[in-house]
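Here the structure comes first, spelled out in C-alpha cells, and everything after it is commentary.
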Amino acid sequence: MTTRMTMPASRSETVTPTWWVIARQEIAELWLSSKGLGVLFGFTMLLAVLSYLASADAGINLLDARESVGVVVQTAIGLGTLAALVVSADAISGERERGTLEALLVTPVRRGSIVLGKLLAATTMWVASLVVALPFVIVMAHGPGVAADAVAVLGVAGSLVAAALTALGLAVSALAMSNRVSLAVSLTLLLFLAAPGQLPAIQANGPLGIVLVRANPVSAGLQLANNVLVKQQAWADQWPFLISPVGAAVVLSALAVALSSRLELGGSR
Amino acid sequence: MRAWLRILAAAALIVGSVSFGADGASAKVAEDLTVVIEPGQASVVLGQNLDLKLTVTNTGSRATAPLVIHLDITDPSRSTSVDPEDWTSTLSKPIGVLAPDDTLTFDWNIQPISGGTFAVYAVALSSGAGTLSTSNLTTVKVQDKRSLNPSGILPVAVGVPCVVGALLLLQLRLTRRPNKKPPSP
C-alpha cells in the first residue's frame, strides 16, 4: 500500500479520521487493481453456473423451487464470505511479505486505525459479492414468491457471517508471519466452521448437533437461510441462529483491532 | 438290525417329505400371487409425476408369507441401466400377509428424470421364498422437456459475469503499463 497521509493544515479544518483514510486507500487498492474484480468475477461465474443448474432442476421439478433458492442463497453466502476472507487474510501478512508494512507503520497512524481501515476495506468484498448475487437471487426467488425473504437472509445472515469471517481473516493475518500461512490457516478455519453444516440429519437434530450448529456462526447463518427459505419458518423463530453470528462478528472484530498492538514487521525480508 | 434300518429309512423319508413340502408350499404361494400395474401404458412430460396403481391378489388357498413389493424401471432400448432410486423415494414396500382371495391395491408415485421409453414392472417376494411373482410390464413414455432459459435465469447468468468480466478487462487494459522501448540508435 502506498502511504499518502494528508494531515490537516490547521486545527480549524475538519480532521478526517485516520481509519477512514486507511480504509479509502485500501478500498482503492483493492478495486482499482485487478485483485478485487478478479475474485468477484470468479464468484459471479460460479454463482451463474450454480443458479442455471438449480433453475433447470427446479424447472423439471427435480428440485423444489424454494430449495433451489435456498441452495443459491447459501452458496452466495459461502462464496461471498470466502472471497472476503481471502482478501482479509492477505491484508496484513501480504503487506508484511511485500515489505510495504514498514512504510505504513512509520506513519503517524494508530495501529488500531490501520486494522480498522483494512477491516472495512476487506468488507467491501462481501458488499460487492452481495450486490452481484442479488440479481440471481431475485430472479430465482420470484417464482416461489420468496424474493423479500431471500434478500433479507442474504443481507442479514450473510452480512453477519461475512463480518465475522472477515475479522477472523484479519486477526490471522495480523499474527501470521507469511501470507501463505495466513491463507492456509484462514481457509482451514473456514472448513472447520463449515463442517457442522455437513452433519447427517440424524446427528444435526441431536442435542449435540443442535448446539454445534447454533454455536457456530457459519452453520447458524446457513441454517437460518434453510429455515426461512426452504422450511418456511417465521423470522421471529430465527433469533437462536442470529446469536452466534452477531457475537462472532463483534468479538472477532474487537479481537482483530486488539491484535493491532502486536503488528510488527516480523517476516519482512 | 434290519428292522431298525427300515425304521430309520422310513423316518428319513417322512422328514424329507415334510421339508420338501414346506418349500413347495412357499413356491406355491408365490405362484398364486398376481401383481398388476395400471395403466399398461402411460405418457408424461419430463418433470411430471405419474401415479401407478398396483393390485396384488392372493389367488391361492393359503395365506402368504409377509410380502414385499419391489418396483423396477429399465430402458430396454439402451445398454445403460436406469437407476430407479432417482425416480421414486421408495423402491420396496412391505405389504404384509395376504389371506386367500385377498386383494391389496395401492398407488406408487414415480417421477421420471430423463426422457425416453421405459419399462416399469414390480415383483412380489417374501423372505425364504424360492420364487417371485412378476407383474405385467408398463411402458412409460417420457417426453423430454428442456428449456434454455429456466425460470428466466439465463439473462442474469450470462449478463452478470459478462458485466464483471468486461469491467475486469477494462481495468486490466487501463492499468497495463506501457512497454518501454529502448531508444533507437
Residues of the range A:256-269 being part of a helix (DSSP H, G or I) and surrounded by 15 or more Cβ atoms within 10 Å (Cβ to Cβ), in sequence order, are A:A256, A:V257, A:L259, A:S260
Identify, please: which residue in the range A:28-40 is surrounded by 16 or more Cβ atoms within 10 Å (Cβ to Cβ) and out of contact with any Ser or Thr (no Cβ under 9 Å at 6 or more places or on another chain) and is, among those, farthest from A:N226 (Cα to Cα)? A:K35
In the range A:61-74, the residues that are surrounded by fewer than 21 Cβ atoms within 10 Å (Cβ to Cβ) and either modelled with pLDDT of 90 or more or facing chain B (nearest Cβ under 7 Å) (or both): A:N61, A:L62
Would you call A:T44 within 14 Å of chain B (Cβ to nearest Cβ) and under 20 Å from the mean Cα position of the chain (by Cα)? yes
Per-region count, the range B:90-133, residues of a type outside the set (A, V, I, L, M) and not in a loop (DSSP other than H, G, I, E, B): 15
Which one is farthest from the other protein chains (Cβ to nearest Cβ) among residues in the range B:134-156 that are in a helix (DSSP H, G or I) and either touching a residue at least 40 places away in the same chain (Cβ under 8 Å) or surrounded by fewer than 17 Cβ atoms within 10 Å (Cβ to Cβ) (or both)? B:P155
Please go through the range B:116-133 and give me each residue that is surrounded by fewer than 20 Cβ atoms within 10 Å (Cβ to Cβ), among the β-branched types (V, I, T) and closer than 24 Å to B:W87 by Cβ, ordered by number. B:T117, B:V123
All positions within the range B:94-133 that are of a type in the set (A, V, I, L, M, F, W, C) and closer than 16 Å to B:T57 by Cβ: B:I95, B:V97, B:L98, B:A99, B:L104, B:F106, B:A122, B:V123, B:A124, B:L125, B:L132
From the options A:T166, A:T188, residue that is among the polar types (S, T, N, Q) and farther than 21 Å from A:S260 by Cα: A:T188
Positions within the range A:107-164 being crowded, with 24+ Cβ neighbours inside 10 Å, more than 19 Å from A:A54 (Cβ to Cβ) and of a type in the set (V, I, T), in sequence order: A:I114, A:V115, A:V161
Among the aliphatic types (A, V, I, L, M), assigned to a helix (DSSP H, G or I) and away from chain B (no Cβ under 14 Å): is that true of A:A157 in this structure? yes
Output the helices (runs of 4 or more DSSP H) that fall wholly within the range A:169-247 and possess 3 or more residues being surrounded by 16 or more Cβ atoms within 10 Å (Cβ to Cβ), or say none. A:179-194, A:207-215, A:217-229
Pair list, Cβ < 9 Å and 6+ apart or interchain, from the range B:87-108 residues that are of a type in the set (D, E) to residues that are loosely packed, with under 15 Cβ neighbours inside 10 Å and in a loop (DSSP other than H, G, I, E, B): B:D101/B:T59; B:D101/B:S61; B:D102/B:A63
Consider B:G165 against the criteria (1) among the small types (G, A, S); (2) away from every other protein chain (no Cβ under 14 Å); (3) without any contact (Cβ under 8 Å) to a residue 24 or more places away in the chain: it satisfies all of them except one. Which criterion is unmet? (2)
Wholly within the range A:74-154, helices (runs of 4 or more DSSP H) carrying at least 1 residues that are out of contact with any helix residue (DSSP H, G or I) (no Cβ under 7 Å at 6 or more places or on another chain) and without any contact (Cβ under 8 Å) to a residue 40 or more places away in the chain: A:93-98, A:111-142, A:147-153
Go through the range A:126-142 and give me each residue that's within 14 Å of chain B (Cβ to nearest Cβ) and either among the aromatic types (F, W, Y) or under 12 Å from A:V72 (Cβ atoms) (or both). A:A133, A:L134, A:P135, A:F136, A:V137, A:I138, A:V139, A:M140, A:A141
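The values are calculated or read from the model by the stated rules, or taken from the named source; none is laboratory data. Since we're looking at a predicted model, the values are computed, not measured. Using ideal geometry, Cβ is built from the backbone for each residue, glycine included, and neighbour counts are taken over all protein chains shown.
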